[in-house]
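To start, the structure under review is shown below, and the notes come after it.
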Amino acid sequence: MSQDGFRAEEIDTSRPHPARIYDYLLGGKDNYEVDRRAGDALAAAAPEVRIGLRANRAFLRRAVRYVVGSGVRQILDIGTGLPTSPNVHEIAREVTPDVRVAHVDNDPIVSAHAGALLSGSGVNSVVLADLRDPRAVVDHPDVRRVIDFDEPVAVLLVAVIHFLTDAEKPERIVATLRDALPAGSFLVLSHATGDFADRSDAQAVYSKATATLNLRSRAEVERLFDGFELVEPGLAQAPFWRPDTPPPARSGEIGFYGGVARKTG
């Protein structure tokens, strides 16, 4: 059985995968023992990790509401992960029902779960593709079926760029996506950082996973927004980006930056 050119035997369950580690740490069930062991090791190395992941999810919810509230009606969610509820399309449709969402991930297991969840919806698509080839993402027929690149698009890169090494040129990848977008589009991005604590032990956990964890400084994350105009309050620790409830305890330790920016020209 194949989907988008991937065979079932190509699904790697021998190593932890970031999406399944994330699912486990958020209390999900779509993970394997190898992912649970990695998640436990990550929590031991970075005790605030569960708080941080919940704060990242809350940032995602606020950011999606913001861009949809600003008039965007189509979302390209790259690195969508396992479909933890509320999903991006559920969040968007709390604001307005006419939002179209293309979900993209490079894990066939994620693609299968998301596809089952969204089956029958003509205003969504689930695409098996890799952020490392951004042009292929943009040109994928199932992305094009949902996303009209002549109209503003919100591109979500939430907790995914930190799985790209410097050698994979993340700034160039984001720039390729930016150049495909018309004026009025948005970039929603969050990224792990070691600015608030030494997280080398957490990075070591991912050395045996399907993708490494590449922590970046505030200045390095800000450069990913080149060509966009950050909206207030600019790049902030995830709990402090336009909070709608009091930030959780220990928020100052959370090693996630989040920001939303608009392409103005």
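The values are calculated or read from the model by the stated rules, or taken from the named source; none is laboratory data. Please read all numbers here as calculations on a predicted model, not as lab measurements. Counting neighbours? That spans all protein chains shown, and the Cβs are built from the backbone with ideal geometry, glycine included. Side chains are part of the model used for accessible areas, which takes the heavy atoms of the whole protein and leaves out ligands, DNA and RNA. Shrake-Rupley method; radii C 1.70, N 1.55, O 1.52, S 1.80 Å.
Residue by residue through region 129-178, note down the ones that are touching a residue at least 24 places away in the same chain (Cβ under 8 Å) and acidic (Asp, Glu).
Scanning region 129-178 gives Asp130, Asp142, Asp148, Asp150, Glu151, Asp166, Glu168, Glu171.
Show the residue pairs meeting these rules: Cβ distance below 9 Å; 6+ apart or different chains; first residue within region 245-258 and in contact (Cβ under 8 Å) with a residue 40 or more places away in the chain; second residue charged (D, E, K, R) and open to solvent by 80 Å² or more (accessible area, probe 1.4 Å).
So the pair list comes out as Pro248/Arg54; Tyr257/Arg218.
Please go through region 249-265 and pick out each residue that is aliphatic (A, V, I, L, M) and open to solvent by less than 60 Å² (accessible area, probe 1.4 Å). Before the answer, list the steps.
The first filter runs over region 249-265 and keeps only residues aliphatic (A, V, I, L, M), leaving 249, 254, 260-261.
Residues satisfying the conditions are Ile254, Val260, Ala261.
Condition check: open to solvent by 50 Å² or more (accessible area, probe 1.4 Å), at pLDDT below 95 and not small (Gly, Ala, Ser). Does Pro246 satisfy that?
Details: open to solvent by 50 Å² or more (accessible area, probe 1.4 Å): yes; at pLDDT below 95: yes; not small (Gly, Ala, Ser): yes.
For Pro246, the condition - open to solvent by 50 Å² or more (accessible area, probe 1.4 Å), at pLDDT below 95 and not small (Gly, Ala, Ser) - is met.
Which numbered condition in (1) among the hydrophobic types (A, V, I, L, M, F, W, C); (2) touching a helix residue (DSSP H, G or I) at 6+ places or on another chain (Cβ under 8 Å); (3) surrounded by fewer than 20 Cβ atoms within 10 Å (Cβ to Cβ); (4) in contact (Cβ under 8 Å) with a residue 12 or more places away in the chain is the only one that Phe240 fails?
Only one criterion in (1) among the hydrophobic types (A, V, I, L, M, F, W, C); (2) touching a helix residue (DSSP H, G or I) at 6+ places or on another chain (Cβ under 8 Å); (3) surrounded by fewer than 20 Cβ atoms within 10 Å (Cβ to Cβ); (4) in contact (Cβ under 8 Å) with a residue 12 or more places away in the chain is unmet by Phe240, namely (4).
Within region 27-37, which residues are open to solvent by 10 Å² or more (accessible area, probe 1.4 Å) and either in contact with a helix residue (DSSP H, G or I) (Cβ under 6 Å, 6 or more places away or on another chain) or not in a loop (DSSP other than H, G, I, E, B) (or both)?
If the condition is that a residue be open to solvent by 10 Å² or more (accessible area, probe 1.4 Å) and either in contact with a helix residue (DSSP H, G or I) (Cβ under 6 Å, 6 or more places away or on another chain) or not in a loop (DSSP other than H, G, I, E, B) (or both), then Asp30, Asn31, Glu33, Val34, Arg36, Arg37 are the ones that fit.
Under 6 Å between Cβ atoms, which residue pairs at least 6 apart in sequence (or on different chains) link something in region 79-98 that is more than 17 Å from Ser125 (Cβ to Cβ) with a partner that is surrounded by fewer than 14 Cβ atoms within 10 Å (Cβ to Cβ) and not aliphatic (A, V, I, L, M)?
Listed by first residue and then by second, the contacts come to Val95/Gly69.
Can you work out which of the residues in region 238-265 that are in a helix (DSSP H, G or I) and among the hydrophobic types (A, V, I, L, M, F, W, C) is farthest from Arg178 (Cα to Cα)?
In the first step, residues of region 238-265 are kept if they are in a helix (DSSP H, G or I); the result is 238-240, 251-253.
Filter once more, so that each one left must be among the hydrophobic types (A, V, I, L, M, F, W, C): 238, 240.
Working: Ala238: 22, Phe240: 25 Å.
By that ranking, first place goes to Phe240.
If a residue must be in a helix (DSSP H, G or I), closer than 21 Å to Ala192 by Cα and of a type in the set (D, E, K, R), how many such residues does region 47-96 contain?
Keep residues of region 47-96 that are in a helix (DSSP H, G or I), which gives 49-69, 88-95.
If we keep only those that are closer than 21 Å to Ala192 by Cα as well, we get 49-64, 88.
From what's left, of a type in the set (D, E, K, R): 50, 54, 57, 61-62.
So the count comes out to 5.
Can you tell me which of (1) among the β-branched types (Val, Ile, Thr); (2) under 16 Å from the mean Cα position of the chain (by Cα); (3) open to solvent by 10 Å² or more (accessible area, probe 1.4 Å) is the one Val67 doesn't meet?
(3)
Out of all the residues in region 41-51, is one or more surrounded by fewer than 23 Cβ atoms within 10 Å (Cβ to Cβ), within 19 Å of the chain's Cα centre (by Cα) and without any contact (Cβ under 8 Å) to a residue 60 or more places away in the chain?
The answer is yes; a qualifying residue exists.
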